[in-house]
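Asks: Structure provided below as structure tokens; questions to follow.
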Amino acid sequence: MNDLNMQDFLHDLSKTLESRLPQNGGDEQTSYVAKLFSKGPDGFLKKIGEEATELVMACKDEQKQRIVAETADLWFHSMVALTYYGLTPEDVIQELKRREGVSGLEEKASRRS
């Protein structure tokens, strides 16, 4: 998948997630995401924590397919959080672009001030 296709995919997924918000008619009886949204941040934040832990364990076990699957779960639930807070994958991409070419050590130090 090239960059444009990946951006298109993330954009389309973001739009689908937006359609599951309660104010957009998301039905928690038929949609997993709408059900997460109905629980408020505690619902999807718990899932992010679970998925992050499962990713760590998959990495420690060096199970490549499981690493991919758990990363997908973590990214998905992170996108649910972005959507809930009115943010998009494009916001994250812009932040990553801003950091491009900047030492990770310098970037981290700049956040402390």
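Asks: From (1) open to solvent by 90 Å² or more (accessible area, probe 1.4 Å); (2) modelled with pLDDT of 95 or more; (3) within 16 Å of the chain's Cα centre (by Cα), pick out the condition that doesn't hold for GLY86.
Replies: Failing condition for GLY86: (1).
Asks: Condition check: of a type in the set (Val, Ile, Thr) and in contact (Cβ under 8 Å) with a residue 24 or more places away in the chain. Does VAL56 satisfy that? So that I can check it myself, show each step before the final result.
Replies: Working: of a type in the set (Val, Ile, Thr): yes; in contact (Cβ under 8 Å) with a residue 24 or more places away in the chain: no.
The answer is no for VAL56.
Asks: Here is a further query. What number of residues within segment 17-34 satisfy the criterion of being touching an Asp or Glu at 6+ places or on another chain (Cβ under 7 Å) and open to solvent by 50 Å² or more (accessible area, probe 1.4 Å)? Spell out how you get there, then give the answer.
Replies: Residues of segment 17-34 touching an Asp or Glu at 6+ places or on another chain (Cβ under 7 Å): 24, 34.
Next, only the ones that are open to solvent by 50 Å² or more (accessible area, probe 1.4 Å) stay: 24.
Residues in segment 17-34 being touching an Asp or Glu at 6+ places or on another chain (Cβ under 7 Å) and open to solvent by 50 Å² or more (accessible area, probe 1.4 Å): 1 in total.
Asks: Taking only pairs six or more apart or across chains, which ones have beta-carbon atoms under 6 Å, a first residue in segment 13-25 that is outside any helix (DSSP H, G or I), and a second residue that is of a type in the set (Gly, Ala, Ser) and open to solvent by less than 40 Å² (accessible area, probe 1.4 Å)?
Replies: Final answer for the pair search is ARG20/GLY26; ARG20/SER31; ARG20/ALA34.
Asks: Looking at PHE37, PHE9, PHE44, which is the one that is surrounded by 12 or more Cβ atoms within 10 Å (Cβ to Cβ), of a type outside the set (A, V, I, L, M) and at pLDDT below 95?
Replies: Numbers: PHE37 fails: at pLDDT below 95; PHE44 fails: at pLDDT below 95.
Result of the check over PHE37, PHE9, PHE44: PHE9.
Asks: Applying the selection to segment 8-47, what residues are under 15 Å from LEU87 (Cα atoms) and polar (S, T, N, Q)?
Replies: Result: SER14, THR16, SER19.
Asks: Could you check segment 81-113 and list, in sequence order, the residues that are part of a helix (DSSP H, G or I) and either β-branched (Val, Ile, Thr) or in contact with a Ser or Thr (Cβ under 6 Å, 6 or more places away or on another chain) (or both)?
Replies: Within segment 81-113, the subset part of a helix (DSSP H, G or I) is 81-84, 89-99, 104-112.
Those that are part of a helix (DSSP H, G or I) and either β-branched (Val, Ile, Thr) or in contact with a Ser or Thr (Cβ under 6 Å, 6 or more places away or on another chain) (or both): THR83, PRO89, VAL92, ILE93.
Asks: Then there's this: Only one of (1) over 17 Å from the mean Cα position of the chain (by Cα); (2) modelled with pLDDT of 95 or more fails for PHE76. Which number is that?
Replies: (1)
Asks: Which of the residues belonging to segment 52-83 are open to solvent by less than 80 Å² (accessible area, probe 1.4 Å) and either closer than 23 Å to SER19 by Cα or touching a Gly at 6+ places or on another chain (Cβ under 6 Å) (or both)?
Replies: Across segment 52-83, the qualifying residues are ALA72, ASP73, LEU74, PHE76, HIS77, SER78, MET79, VAL80, ALA81, LEU82, THR83.
Asks: Just the residues that are in a loop (DSSP other than H, G, I, E, B) and in contact with a Lys or Arg (Cβ under 8 Å, 6 or more places away or on another chain), please, taken from segment 30-76. Talk me through it step by step, then tell me what you get.
Replies: As a first pass, look at segment 30-76 and keep what is in a loop (DSSP other than H, G, I, E, B): 30-31, 39-40, 61-63.
Correct list: SER31 only.
The values are calculated or read from the model by the stated rules, or taken from the named source; none is laboratory data. All values derive from a computational prediction rather than experimental measurement. Positions of Cβ are backbone-derived with ideal geometry, glycine not excepted, and every protein chain shown enters the neighbour counts. The area values use the complete protein model at the heavy-atom level, side chains included, leaving out ligands, DNA and RNA. Shrake-Rupley method; radii C 1.70, N 1.55, O 1.52, S 1.80 Å.
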